[in-house]
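Here the structure is laid out as structure tokens; the discussion comes afterwards.
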């Protein structure tokens, strides 16, 4: 994993005398994260979307696939012929980016990859959790992007591996406990996730068809979810990880049951979470209080790059129940990628990511 | 109903040398439309939200009720003590605005009322469709706001009655047919609407509780829906109007079955709809074509101020099936109100209303 | 269309001295209606399910596909090798039954077909609404089954064409108006339907995937829906028919806007509906009254063979708004087929169809 | 807690020469569990429903509140005037049964209480988990009813405390691990539950209104859920218990993360679960395998008295992930109560509880 360096002058957004503009492209633009990237980039003050690729929908408008983008005058083009741009966002299935990474890096000074292909530091880890890696020589260049874990490696990075949705939700809940020492690698931690159907991607199979998928509480990864690998790498925790599909389209909620070896107080926890997140523009602490929304909920952040994080202390046994909620397509994918690009290129971190979300919102 | 006049110099947004800023307040800010107004105003380049009232939640933060606004540093204040502002948005139940209209107009040069209280020109019509009107002397001042019906009366208006959600959806579907003469007042028109649970407002009763309300197709206004009154006034049509509750939170979809006395062609219809809407920033024509989203759908506009409008011609009997879809909280309430204020005050029409919506989105 | 005749002695259920038992098979048992048929037949006092076919799932248990049937000890078998049974239910896509009808009738004295293949009397009508018919010589034998339209042709029938789901919903709403003369063939009638995702069948395509399908109000057949053909044949009405997909799995709700040429009273309507349905075991009249459920709703009949039917008179223009709600998989398919078989074979009409449904129920 | 004794002759269902019939009443019949009890009892071969009480809906038909019961000719009566019956089911909020228990027991030889009032053996435990108990003298008489934990105390019981929904789901998942010694009281066990909106009861408050409640993943009891008390009493486990509201109406799914002190194999687990449940008529083991439904899901048992139970072994750390899914209104309330009454009165255990559920079903 690369260490941060200064943003090269020629790749920095021009900041004198007005709005800097960088060209951007999206590879794999017909998927859900790809569509969201197109939306964010066309609304971003510093990016101009110049290419959006899709083999299946070549020459169709973006709005043909993404109805919310009907007003955007861009058509899908072939991924065979990549434009030269400042930033290329790759939003393709696992294994595709590692195959095309040379072309991606030739086309763009900064590549942000949303797949798992460059998230792990070691090629061996791919053999264990995924298939063998075909471009391991790029792994050392790649900066893992969950900006709340640290910006240093992101600033000026030219290859960014945007973190996985479920890993993001889980790490945001646990990071303050790890940083503050409340939880150590030997402590028992269970992460029980509930996620929306967009995690299955556009198209989906029989299990994703509406009659089968609606209204479910379905254990889809009881054990062995691949995102464990990046959590272990980034937080140093080996946790017990189980993911359930529930009835929403967007959203990932992590409930982490952590058993500190030493008792803590609610005050300790407030301290740890405030220390971790008080300066974070995209993290809100929500822990108890009144009203309807007393803990983190995916609904409250649907459509946004925000995460809600909160906790409760179990007086019976000292368990810390840490919650987080994100929109998996945004904070768990496209928003995180844009956030990382903003950091990498020296832009305002929140540029293009200001949407505050909706109330009420149904199934996000 | 007043006719338009020029925006008085002192009420126009300052446009020379930077971002003009006007002060704004929201009366009834704890409701769904009120919360959405707060969101739009805090993100609007030309407005500063200086007051948001709620009797029930006085002194609580906006985020206590509207979780998406947790980052906004504004607290509800009492409606008894109104700040002097440039624009006051009133988002209160039917009957409240007419009671307080003098106070509202004293507090603000421009009042935008989202209730039905000032939508009808004639006090008699209130007696028929609602209860008796208690402030009929203001009716002549009020400009009805569905901007797509015409901006003339809105420019410079100081009392604006923002159109009803279901009326808005219906009129957007039918206006091109009326304007082009395809439909005349004697023709049979059925409007069959499907709407989300937010139309029942925050709180709701037994019928709005989740176990009873989820998954419904429920005829809630088979006949006699009050929005017929404003449709009749604005379009000159007496139509057959039936509203159903369906399982979404936001959204209103109108399917209008119109029977022209003379046969038309699909080309005629394209002509009529393009003529009506080609220059409209918030209306998209969606009529057939390929892909999944071939006709207007609330999902495609959820969270936005956009309306989708489309049609199909029934070759069997010449029936025109005209569709429209809006987000009832936005284009049907808060977005429409801000749009109208933008027009009234000489601002950019789309200011603060640029959000493009999401794909995918669950139950909007 | 055949006229009724007496049930041949050898095909009648034995009724002396105990529970009669007939053997039954389901062709196309892996689909939604096929699975429901298996459930109904295994719980039916007079039927024994001896074969359930599925090419794709041959040798798998029924429970592999239909989780509610995990306790049923039956495996799918090949449709190539049909057992000889008393009753064969065919639940296959359009066009399959006409291809295999000779084999079906060889295998069983009574064939109940759930597809559209034998619903229309005239081969010409298939050319118009579907593709050409390949076994038109069987059309004259087939009895159309919406039992509420009349049992005469069903009693003793050996080929039964079970009515379509959307046609069933629509005809149940309108039949009392036609029978009583309130509506005549020249009167304007609009039928606006809202249906669940199970109508798209198991598997489904991109439009049926959960992220795209959830929360929709989607016009999927604005005009030209094929069920118009059977409505025209059975009720003699040419109506304006539009079908929308909404967010439920099961259910079809018809809202019919009928414009009688002569004014009627609410009392006339009560008379017409009571006359039509007072003796029907599966039809409930629901028209106004108090409480949450004041008109027909699919939720209220989910999982059952019941239909709810109701109406409202529009005092403004004399329009009759007639509602009906069914479970499309039950009253619109499997339940209707079993009901028809019960009638055809001289069994108790309600045998095996007694389930009363649930309250509350989410999205049915 | 009482021990079982033989069913007194005069309270046994008559089983010679035909269908035995016992009279039954439901106190609190307008609630969700109360309505379900009415449905089950009217369809039960051995019970006759003679009274259903509701203060609020006195003299209304059952169908006024429960639309699925529109065909049932019973009206709510006052709870002040209880009929003398064989079995009284009390389905009232916590605290009501303890207040009226003398009247209930005077009215009926067998009382089945669905509230928490008689679930705990010790009055002290009520002081800790609930409020103080006002009728502690009945506690020793009460048999706790989760029949899968043992029938001995239920047979002939005259006061039955039907187990809580979330406790039922959790205990069904864990009982085989406890019985087989895989888990001992010192082992770490986390139970993470996902439940439907019917658990909030009919009516509900602001948090239950459809716009706020739909699409949620909402931690509603992070710690301190009262059902822990009965789990501790019945299984001897002090577990970490957290309950989330998700978007379904019916259903409770428990995911239990258990950490045995000694490693077990998948074979051990199959042995433990088969030993526990192979003879249970209402428990299905679902653990892996193919198809869409590979683990327990509430959808698969919606509307039924069945529970699905399954497990997975985490090869990384020896964790046992034990799943269960029930319909909280049925197996978690009304079905469990009828099941217990069947056992108590010597009836066929499954009588009246044969419904197999539906496929597909939306949000159950």
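The values are calculated or read from the model by the stated rules, or taken from the named source; none is laboratory data. Computed from a prediction, not measured in an experiment: that's the story for all the values here. Ideal geometry is used to build each Cβ from the backbone, glycine not excepted, and the neighbour counts take in all protein chains shown.
Per-residue answers, yes or no, for (1) over 21 Å from residue A:330 (Cα atoms); (2) in contact with a helix residue (DSSP H, G or I) (Cβ under 7 Å, 6 or more places away or on another chain); (3) within 14 Å of chain B (Cβ to nearest Cβ); (4) at pLDDT 95 or above:
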{"position": "A:235", "(1), (2), (3), (4)": "yes, yes, no, yes"}
{"position": "A:241", "(1), (2), (3), (4)": "yes, yes, no, yes"}
{"position": "A:244", "(1), (2), (3), (4)": "no, no, no, yes"}
{"position": "A:249", "(1), (2), (3), (4)": "no, yes, yes, yes"}
{"position": "A:252", "(1), (2), (3), (4)": "no, yes, yes, yes"}
{"position": "A:255", "(1), (2), (3), (4)": "no, no, no, yes"}
{"position": "A:258", "(1), (2), (3), (4)": "yes, yes, no, yes"}
{"position": "A:264", "(1), (2), (3), (4)": "yes, no, no, yes"}
{"position": "A:270", "(1), (2), (3), (4)": "yes, no, no, yes"}
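For residue D:218, the stated conditions hold: it is out of contact with any helix residue (DSSP H, G or I) (no Cβ under 6 Å at 6 or more places or on another chain) and facing another protein chain (nearest Cβ under 7 Å). For residue B:181, the conditions (1) surrounded by fewer than 24 Cβ atoms within 10 Å (Cβ to Cβ); (2) within 7 Å of another protein chain (Cβ to nearest Cβ); (3) closer than 24 Å to residue B:285 by Cβ are fulfilled apart from (2).
Residues considered: B:157, B:191, B:161, B:202. Of these, the only one that is part of a strand (DSSP E or B) and farther than 27 Å from residue C:312 by Cβ is B:161.
All of (1) under 23 Å from residue C:194 (Cβ atoms); (2) surrounded by fewer than 22 Cβ atoms within 10 Å (Cβ to Cβ); (3) under 19 Å from the mean Cα position of the chain (by Cα) hold for residue B:195 with one exception: (2).
Filtered by the rule that a residue be surrounded by fewer than 23 Cβ atoms within 10 Å (Cβ to Cβ) and not in a loop (DSSP other than H, G, I, E, B), the range A:127-146 gives A:127, A:128, A:129, A:136, A:137, A:138, A:139, A:140, A:141.
Residue check: residue A:83 meets all listed conditions (1) in contact with a helix residue (DSSP H, G or I) (Cβ under 9 Å, 6 or more places away or on another chain); (2) more than 28 Å from residue A:351 (Cβ to Cβ); (3) touching a residue at least 24 places away in the same chain (Cβ under 8 Å); (4) assigned to a loop (DSSP other than H, G, I, E, B) but one, namely (2).
Out of the residues in the range C:215-264 that are in a helix (DSSP H, G or I) and touching a residue at least 40 places away in the same chain (Cβ under 8 Å), state the one that is surrounded by the fewest Cβ atoms within 10 Å (Cβ to Cβ). The selected residue is C:233.
Selection within the range B:93-117: residues that are in contact with a helix residue (DSSP H, G or I) (Cβ under 6 Å, 6 or more places away or on another chain) and in a loop (DSSP other than H, G, I, E, B). The member of this set that is surrounded by the most Cβ atoms within 10 Å (Cβ to Cβ) is B:114. Among the conditions (1) within 14 Å of chain B (Cβ to nearest Cβ); (2) modelled with pLDDT of 95 or more, residue A:291 misses just one, which is (2).
In the range A:147-178, the qualifying residues are those that are surrounded by fewer than 24 Cβ atoms within 10 Å (Cβ to Cβ) and closer than 13 Å to residue A:119 by Cβ, and the one that is nearest to the other protein chains (Cβ to nearest Cβ) is A:149.
Is it true that residue C:200 is under 20 Å from residue C:333 (Cβ atoms) and surrounded by fewer than 24 Cβ atoms within 10 Å (Cβ to Cβ)? Answer is yes for this residue. Taken together, the residues in the range D:329-364 that are within 16 Å of residue D:302 (Cβ to Cβ), away from chain A (no Cβ under 12 Å) and touching a residue at least 24 places away in the same chain (Cβ under 8 Å) amount to 12.
When each of D:308, D:280 is tested for being touching a helix residue (DSSP H, G or I) at 6+ places or on another chain (Cβ under 7 Å) and surrounded by fewer than 19 Cβ atoms within 10 Å (Cβ to Cβ), the lone residue that passes is D:280. Out of the residues in the range A:299-312 that are in contact (Cβ under 8 Å) with a residue 40 or more places away in the chain and in a strand (DSSP E or B), which is farthest from residue B:67 (Cα to Cα)? The residue in question is A:311. Checking A:315, A:296 one by one, the residue that is within 11 Å of chain D (Cβ to nearest Cβ), modelled with pLDDT of 95 or more and part of a loop (DSSP other than H, G, I, E, B) is A:296 and no other.
For residue D:332, state whether it is buried (at least 19 other Cβ atoms within 10 Å of the Cβ) and at positive phi. No; evaluated as a whole, the condition is false for this residue.
In the range D:193-214, what residues are more than 7 Å from every other protein chain (Cβ to nearest Cβ) and touching a strand residue (DSSP E or B) at 6+ places or on another chain (Cβ under 6 Å)? If the condition is that a residue be more than 7 Å from every other protein chain (Cβ to nearest Cβ) and touching a strand residue (DSSP E or B) at 6+ places or on another chain (Cβ under 6 Å), then D:193, D:195 are the ones that fit. Here is the figure for the range A:47-80: residues that are in contact with a helix residue (DSSP H, G or I) (Cβ under 6 Å, 6 or more places away or on another chain), in a loop (DSSP other than H, G, I, E, B) and either surrounded by 23 or more Cβ atoms within 10 Å (Cβ to Cβ) or in contact (Cβ under 8 Å) with a residue 40 or more places away in the chain (or both) total 1. Looking only at the range A:107-125, decide whether some residue is at negative phi and more than 22 Å from the chain's Cα centre (by Cα). Within the range A:107-125 (the criterion being at negative phi and more than 22 Å from the chain's Cα centre (by Cα)), the answer is yes, since at least one residue qualifies.
Just one of (1) touching a residue at least 40 places away in the same chain (Cβ under 8 Å); (2) outside any loop (DSSP other than H, G, I, E, B) fails for residue C:124. It is (1).
Mind checking whether some residue in the range B:187-200 is modelled with pLDDT under 95, in the same structural domain as residue B:310 (by TED's automatic domain parsing) and in contact with a helix residue (DSSP H, G or I) (Cβ under 6 Å, 6 or more places away or on another chain)? Yes, the range B:187-200 has at least one match. Of all the numbered requirements in (1) part of a loop (DSSP other than H, G, I, E, B); (2) more than 14 Å from chain B (Cβ to nearest Cβ), residue C:284 misses one, and that requirement is (1).
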